Amino acid sequence: MADISAPSLRRTWRSLDKAWLALGLILLAIAVLDTPQFMPTMIFTAGALANTAPFIVFAVMAVAYMKATGAETLLAKAFEGHQSRMIVLAALLGGLSPFCSCEVIPFIAAMLALGAPLGAVMAFWLASPLMDPAMFLITSGTLGWDFAIAKTVSAVGLGLFGGFVTMLLARSVVFADPLREKPQVGGCCGVKKPFEGKPVWRFWSDAPRIAVFRENLLENGVFLLKWLTLAYVIESLMLEYVPADMIASLLGGNGIGTIFLGALVGAPAYLNGYAAVPLVDALLAQGMSNGAAMSFVLAGGVSSIPAAIAVWALVKPRVFAAYLSLAVTGAVMAGLAWQAIA
């Protein structure tokens, strides 16, 4: 009986949405272990979602529109011409477009196979997980416009930094022959084949594009609702249970040590770019320095599981290690700059 049920249990476990499961278990634990805190947590979460709702709605509509028009095809422009031009365009597209690294794995794999410079690909990989229109709106709504703009500039800057370093060291042993023998081009976040050809900005006369718009509208809406609800619940608990003086002692102050620590903590503590926003808001309220907050979101975004899998799937371990090293170094540099400005 156990042999028959084990595969079924594994399939059931794999089919469960871990974010919804975690949310349910956390709320159940609060209800059982600290009942008086349950309603304040729910009220805090509902209020935070209500305040963020306008940004969520606009962001979901914008991303669905970009998907339906087939704007992914614009990425090809980043891999044409002189390598320096490629790096600049790749960093800009990666930091400003709504397409994450894992969504364009097949495209990036094809570009690498055709000889696209690794520097341009590295620029895109480093910038793309860090900012997109939806994340910008949610970040600005929670952490303020200054932080959102600074993170956007930092995302593009990190892409430029990594791209040009990779270009300069292209002949080194680290970046020589970077591709795996059989790259895994499967997606980690529901990768779908993009539309081919030029973008169709007035997509509403094309039935397949309307279907893509509706599908992305629902998927992104549920995605944001799921992760932000979980993040706001965790934020509420952090404010209630985590001593502010402990956060201030570890991640407060103006020294480089706290900024470096923010980058190191960012990787294992990161859920995703959207869920990280409320967590950073809570950490800032408890004494985290501005520079540590910036290094946290940058290093954590680049090393988050979807972004890391996108790179690991295509390149050899030494190139992947360089990707992480560039991310942490760039995050610390951005943190120092933001600390000085803020």
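The values are calculated or read from the model by the stated rules, or taken from the named source; none is laboratory data. Fair warning: this is a prediction, and the values are worked out from it, not measured in the lab. Counting neighbours? That spans all protein chains shown, and the Cβs are built from the backbone with ideal geometry, glycine included.
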So PRO278 fits all but one of (1) outside any helix (DSSP H, G or I); (2) modelled with pLDDT of 80 or more; what number is the exception? (1)
Filtered residues of the stretch 29-47 (kept if free of Cβ contacts under 8 Å to residues at least 60 places away in the same chain, more than 28 Å from the chain's Cα centre (by Cα) and within 13 Å of ILE234 (Cα to Cα)): ALA29, PHE38
Of the residues in the stretch 206-236, those that are under 15 Å from VAL63 (Cα atoms) and of a type in the set (Val, Ile, Thr) number 3
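Residues are listed down the side, and each one gets a yes or a no for (1) at pLDDT below 80; (2) basic (Lys, Arg); (3) under 16 Å from GLY162 (Cα atoms):
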position: LEU261; (1), (2), (3): no, no, no
position: MET288; (1), (2), (3): no, no, no
position: ALA293; (1), (2), (3): no, no, no
position: SER304; (1), (2), (3): yes, no, no
position: ALA308; (1), (2), (3): yes, no, yes
position: ALA322; (1), (2), (3): no, no, yes
Output the qualifying pairs, or none if there are none: Cβ atoms under 6 angstrom, residues six or more apart or on different chains, first residue in the stretch 314-325 and surrounded by 15 or more Cβ atoms within 10 Å (Cβ to Cβ), second residue of a type in the set (Phe, Trp, Tyr) and assigned to a helix (DSSP H, G or I). PHE320/TRP312
Quick test for you: out of VAL222, VAL153, VAL212, pick the one residue that is modelled with pLDDT of 80 or more, among the β-branched types (Val, Ile, Thr), surrounded by 13 or more Cβ atoms within 10 Å (Cβ to Cβ) and touching a Lys or Arg at 6+ places or on another chain (Cβ under 7 Å). VAL212
Can you tell which of ILE105, ILE56 is touching a Gly at 6+ places or on another chain (Cβ under 8 Å), closer than 27 Å to SER140 by Cβ and either surrounded by 22 or more Cβ atoms within 10 Å (Cβ to Cβ) or at pLDDT below 85 (or both)? ILE56
Kindly indicate whether LYS67 is crowded, with 21+ Cβ neighbours inside 10 Å, among the charged types (D, E, K, R) and either modelled with pLDDT under 85 or touching a Leu at 6+ places or on another chain (Cβ under 9 Å) (or both). yes
From SER249, SER236, grab the single residue that is at pLDDT below 70 and either surrounded by fewer than 18 Cβ atoms within 10 Å (Cβ to Cβ) or in a helix (DSSP H, G or I) (or both). SER249
State all residues of the stretch 123-180 that are among the β-branched types (Val, Ile, Thr) and part of a loop (DSSP other than H, G, I, E, B); if no residue qualifies, say none. VAL173, VAL174
What's the total number of residues in the stretch 1-40 that are over 16 Å from LYS226 (Cα atoms) and modelled with pLDDT of 85 or more? 13
So, in the stretch 125-146, of the ones that are out of contact with any Ser or Thr (no Cβ under 8 Å at 6 or more places or on another chain) and polar (S, T, N, Q), which residue ends up surrounded by the most Cβ atoms within 10 Å (Cβ to Cβ)? THR139
